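Every read-out reported here was derived from the displayed coordinates using simple, explicitly stated rules and does not represent laboratory data. Given the structure is predicted, the values throughout are model-derived calculations rather than measurements. Cβ coordinates were reconstructed from backbone atoms using ideal geometry, including for glycine residues, and neighbour counts include every protein chain displayed.
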Amino acid sequence: MDPRILEAMMPDVVAASYFARLMADGYCIIPGAMDPRVGERVNCELESRFVQTPFCKGAFYGETTKRFGSLLNRSETIQSFVLNPLVLKLVQGALGPHCDRFNLNLTQAIEIHPGAPAQFAHRDQAMWGGPKGELEYLVNVMWPLTPFTAENGATVLWPGSHREQDKGFLPVEDSVVAAMEPGSVLLFLGSTLHAGGANRSNAPRRGILISYCLGWLRQFETQMLVYPPAVARGFPRELAELIGYSIHRPNLGNYEGQSPAVLLERDVPDFIQAQDALTSEQQAMIEQLENGGIPMEAVRNIRGHNAQAAA
Ligand SMILES: O=C(O)CCC(=O)C(=O)O
């Protein structure tokens, strides 16, 4: 059966099954997640940018690869990748327990050219200096625009490496190749060791990488500069919120004490009323306090400070 029909019939069962694989192996591939014609359209929309973009500089990106970001500025069709409901459900499952909301971390087109060597194996969560192994920071989503094969540089992953954070390198023999066709999608955790593969074929490998991170982290690609209010105003609300036009409770990322979504309104008022955006637990605590219910120590961390710092 067409995977998209199965998903339409039993969305929760399908999501639960892929989520279990993602968390057990550190990655999962969903065949037939998107009509491949959507990918073909994106490929055409990005064609001239692929051609005109210079090769990257530096050993990590790889000097026989091309990359460019800001994809929502370059193709309206990309919105259907970024907002894919099944993907968002899996991302919510992985990141939801560690944040009030998750954000778009980057959109990046990657073209690996013939002759490119394999990339250094790495974990994308290395960008952030917090503790590793206790929480997931990021989910990566790779949508192939050309077939991904072992010969042409398909992403290589180390299954289970998200449980071995102390190991920077693992034997190549333990890796798997994410071979897939356009229309399929690969999801992998920010804690999973992976790399772009070597391209030993005679044609470039193209893919679109979209990643989502915890809503309280600095994003890899500075989304609100890439999509300033004049641009984000034209996006669906859900997309604008993912970019960062939203509050991460309590009160993080505000503009004049309100959600930066206020900047998407046609007339932004000169005087803006600062407004609490608290978690439901904090709100309940305050209500209890107002009703004379609980001692002051219990609300010391109301701004997200720890109790000692706030004392
Ligand atoms: O192109 C790929 O398959 C993976 C790229 C990657 O892991 C990266 O650039 O961080």
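Here are some notes:
- Subset of the range 51-73 that is more than 28 Å from G130 (Cα to Cα) and crowded, with 17+ Cβ neighbours inside 10 Å - its residue that is farthest from the ligand (Cβ to nearest atom): L72
- V141 under 21 Å from L88 (Cα atoms), more than 10 Å from the ligand (Cβ to nearest atom) and out of contact with any Phe, Trp or Tyr (no Cβ under 6 Å at 6 or more places or on another chain): yes
- P131 being in a loop (DSSP other than H, G, I, E, B) and within 16 Å of the ligand (Cβ to nearest atom): no
- Among (1) farther than 20 Å from S184 by Cβ; (2) touching a residue at least 12 places away in the same chain (Cβ under 8 Å); (3) out of contact with any Pro (no Cβ under 7 Å at 6 or more places or on another chain); (4) within 16 Å of the ligand (Cβ to nearest atom), the one test that F148 misses: (1)
- Test for P159: is it closer than 20 Å to G58 by Cβ and more than 10 Å from the ligand (Cβ to nearest atom): no
- Top-ranked residue of the range 162-190 - restricted to ones that are assigned to a loop (DSSP other than H, G, I, E, B) and within 13 Å of the ligand (Cβ to nearest atom), ranked as farthest from G26 (Cα to Cα): A179
- Scanning the range 195-206 for residues being in contact with an Asp or Glu (Cβ under 8 Å, 6 or more places away or on another chain) and either of a type in the set (S, T, Y) or within 14 Å of the ligand (Cβ to nearest atom) (or both) gives a total of 5.
- Filtered by the rule that a residue be among the aromatic types (F, W, Y), more than 10 Å from the ligand (Cβ to nearest atom) and assigned to a loop (DSSP other than H, G, I, E, B), the range 98-128 gives a lone residue, W128.
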